[in-house]
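Student: I am attaching a structure below and will ask some questions about it afterwards.
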Amino acid sequence: MKIRSESLRTSIRAIILTSLLSIIMSVGSKPKDHQSKTNMLFNMWHLNTYIIDGESHLPSKKEKDDYILFEEDMTFTSKSEGKVEEGTFLLNTNGGYVFMINKKGEKIKAYINSISESSLVLLYDIDEIRDVEVHYNRPI
């Protein structure tokens with residue numbers, strides 16, 4: 001009987017230890033995923049294409065050099081049709097959006113549809129282009 005109780009205790013300890021390690025590993029990995037996606041945003045993103053109703057459209061000649069640069073100090077610089085703007089931004093990882101405020105106080109909300117090391121797809125919360133996917137890329 002003593003052998004069985006020692007064996008049972010050892011088994012219970014092993015189960016508890018395994019469960020605790022599993023919880024620690026899963027909790028420890030989630031912030032890294034968020035952190036890596038956040039770090040991916042801190043880059044220079046060049047306008048690549050627009051997707052409208054499933055069709056790809058190239059930017060116009062005026063938009064050829066358009067970009068957004070997100071800095072780690074939560075500032076941004078963007079170029080749109082030759083016009084450069086600067087400001088600050090807030091990143092909401094739960095809602096998956098970037099809230100940009102330029103130096104004039106104008107606010108733009110852009111939902112992050114997808115992000116990887118080389119591409120960023122935004123959906124701007126602007127009536128005229130709400131259904132347009134704006135694709136950016138960056139050289140790796």
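Student: Has region 49-57 got any residue that is surrounded by fewer than 17 Cβ atoms within 10 Å (Cβ to Cβ) and in a loop (DSSP other than H, G, I, E, B)?
Tutor: Within region 49-57 (the criterion being surrounded by fewer than 17 Cβ atoms within 10 Å (Cβ to Cβ) and in a loop (DSSP other than H, G, I, E, B)), the answer is yes, since at least one residue qualifies.
Student: Further question on the same structure: Provide a single number: the residues in region 59-84 that are touching a Phe, Trp or Tyr at 6+ places or on another chain (Cβ under 8 Å) and either acidic (D, E) or more than 20 Å from M40 (Cβ to Cβ) (or both).
Tutor: Of the residues in region 59-84, 4 are touching a Phe, Trp or Tyr at 6+ places or on another chain (Cβ under 8 Å) and either acidic (D, E) or more than 20 Å from M40 (Cβ to Cβ) (or both).
Student: Across region 83-140, what is the number of residues that are touching a residue at least 40 places away in the same chain (Cβ under 8 Å), surrounded by 15 or more Cβ atoms within 10 Å (Cβ to Cβ) and farther than 21 Å from L58 by Cα?
Tutor: Adding up the residues that qualify gives 2.
Student: From the list F99, F70, F76, F89, which one is at pLDDT 95 or above and in contact with a helix residue (DSSP H, G or I) (Cβ under 6 Å, 6 or more places away or on another chain)?
Tutor: F70 is the lone residue from the list that is at pLDDT 95 or above and in contact with a helix residue (DSSP H, G or I) (Cβ under 6 Å, 6 or more places away or on another chain).
Student: Let me ask something else. Keeping to region 83-140, report how many residues are among the charged types (D, E, K, R) and within 15 Å of N48 (Cβ to Cβ).
Tutor: 3
Student: Within region 120-140, how many residues turn out to be under 13 Å from the mean Cα position of the chain (by Cα) and closer than 16 Å to T38 by Cβ?
Tutor: Adding up the residues that qualify gives 2.
Student: Filter region 108-140 down to the residues that are part of a loop (DSSP other than H, G, I, E, B) and either hydroxyl-bearing (S, T, Y) or touching a helix residue (DSSP H, G or I) at 6+ places or on another chain (Cβ under 7 Å) (or both) and list them by number.
Tutor: Selection gives S116, E117, S118.
Student: Please go through region 58-107 and give me each residue that is in a strand (DSSP E or B), of a type outside the set (S, T, N, Q) and within 16 Å of the chain's Cα centre (by Cα), ordered by number.
Tutor: I68, L69, F70, F76, F89, L90, L91, Y97, V98, F99, M100
The values are calculated or read from the model by the stated rules, or taken from the named source; none is laboratory data. If you're wondering where the values come from, they're calculated on a predicted model, not measured in any experiment. FYI the Cβ positions are ideal-geometry reconstructions off the backbone, even for glycines, and counts take in every protein chain you see.
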